[in-house]
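To start, the structure itself, in structure tokens.
The values are calculated or read from the model by the stated rules, or taken from the named source; none is laboratory data. Model, not experiment: these values are computed from the prediction. All Cβ positions, glycine included, derive from the backbone under ideal geometry; neighbour counts span all protein chains shown. When the accessible area is computed, the model is the full protein with side chains, heavy atoms only, and any ligands, DNA or RNA have been set aside. Shrake-Rupley method; radii C 1.70, N 1.55, O 1.52, S 1.80 Å.
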Amino acid sequence: MTQRREYTTPDAPEIVATYHGVEVPDAPHLGPTMIANMKAGRYERREVEAALALIKSRDRVVEMGAGTGVVGAVIAKNCQPEAITSFEANHKLIDHARALYDHNGLANLISLRYQIVISEPTPPETVEFFIRGNFLGSGMTITKGQATAEKVQVPVAAWADIKAECQPTVLVMDIEGAELGFFRHADLSGIHTMIVELHRHIYHRPGMREIRDGLAAQGFVENPQLSRGGVFAFERPPQ
């Protein structure tokens with residue numbers, strides 16, 4: 001049985017872990033296992049390893065699925081890109097992620113927006129999002145165990161607008177199974193590196209093939225050394 005922790009107040013937050021130099025203040029969504037994984041260097045390890053290896057100081061990063069804010073903070077602190085624009089659909093995480101950025105002196109590098117990025121040519125103004133008690137299982141589609149999830153409407157940001165505004169060179173994605181729909185319409189010109197968590201159990205082998213074929217058609221090559229454990233790194237070789 002998992003032991004419940006007592007959450008400290010935002011006025012005097014306890015630092016529950018330090019991960020790649022980022023101090024992580026206590027927050028109600030940080031369970032004992034997640035904190036232990038941060039302390040042991042295992043939290044989102046594949047994604048972080050790929051980001052540290054591939055993102056450079058002149059890059060402009062768009063992060064889709066900021067979650068706790070820890071991955072974006074690790075990228076900002078260690079890679080020092082020109083800018084990071086992050087998107088998160090779970091309204092319960094926004095203030096805590098911003099507090100983490102502020103605490104680590106990274107608020108000037110990371111802009112966090114409460115939106116979902118949609119690549120369709122004429123996206124809707126809002127889309128449904130399902131929030132589970134364990135935020136890691138939240139997403140845009142109902143999967144097993146999400147029947148009791150909280151359903152909310154989240155504002156939409158059009159990928160074409162974000163691309164024009166931010167001019168990203170790197171895309172980091174962890175959006176719980178919505179990757180396939182995004183890649184079907186996304187113009188990825190200007191991006192040289194993508195770090196993406198792909199959910200085989202949601203779109204299965206045909207969906208994985210469609211993603212790989214679509215990215216190959218836009219000039220991306222999978223990095224086999226950094227593609228492991230459900231996280232894939234794709235690079236566009238220089239011309």
- [ ] Of all residues in region 129-147, count the ones that are at pLDDT below 75 and part of a loop (DSSP other than H, G, I, E, B).
- [x] 10
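Please work out which residue is surrounded by the fewest Cβ atoms within 10 Å (Cβ to Cβ), limiting yourself to region 86-125 and to residues that are part of a loop (DSSP other than H, G, I, E, B) and without any contact (Cβ under 8 Å) to a residue 12 or more places away in the chain. Please lay out each step first, then the result.
First, the residues of region 86-125 that are part of a loop (DSSP other than H, G, I, E, B): 88-90, 104-109, 114-115, 119-125.
Add one more test, that the residue is without any contact (Cβ under 8 Å) to a residue 12 or more places away in the chain, and what stays is 105, 107-108, 122.
Values: Gly105: 11, Ala107: 15, Asn108: 9, Thr122: 6.
Only one residue tops the list, namely Thr122.
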Task: Members of region 219-236 that are in contact with a Ser or Thr (Cβ under 8 Å, 6 or more places away or on another chain), within 12 Å of Leu188 (Cβ to Cβ) and open to solvent by less than 20 Å² (accessible area, probe 1.4 Å) - done: Phe234
Task: From Ala83, Ala76, Ala51, residue being in contact with a strand residue (DSSP E or B) (Cβ under 7 Å, 6 or more places away or on another chain), touching a residue at least 40 places away in the same chain (Cβ under 8 Å), closer than 25 Å to Ser189 by Cβ and open to solvent by less than 10 Å² (accessible area, probe 1.4 Å) - done: Ala51
Task: Residue that is open to solvent by 20 Å² or more (accessible area, probe 1.4 Å) and under 17 Å from the mean Cα position of the chain (by Cα), where the choices are Ala157, Ala216, Ala178 - done: Ala178
Task: Considering residues of region 184-208 that are out of contact with any Lys or Arg (no Cβ under 7 Å at 6 or more places or on another chain), closer than 17 Å to Gly230 by Cα and assigned to a helix (DSSP H, G or I) only, the residue most open to solvent (accessible area, probe 1.4 Å) - done: Arg205
- [ ] Spot the failing condition for Gly67; the list is (1) modelled with pLDDT under 95; (2) over 15 Å from the mean Cα position of the chain (by Cα), and only one is missed.
- [x] (2)
TODO: Take Gly177 and decide whether it is over 20 Å from Thr85 (Cα atoms) and outside any helix (DSSP H, G or I).
DONE: yes
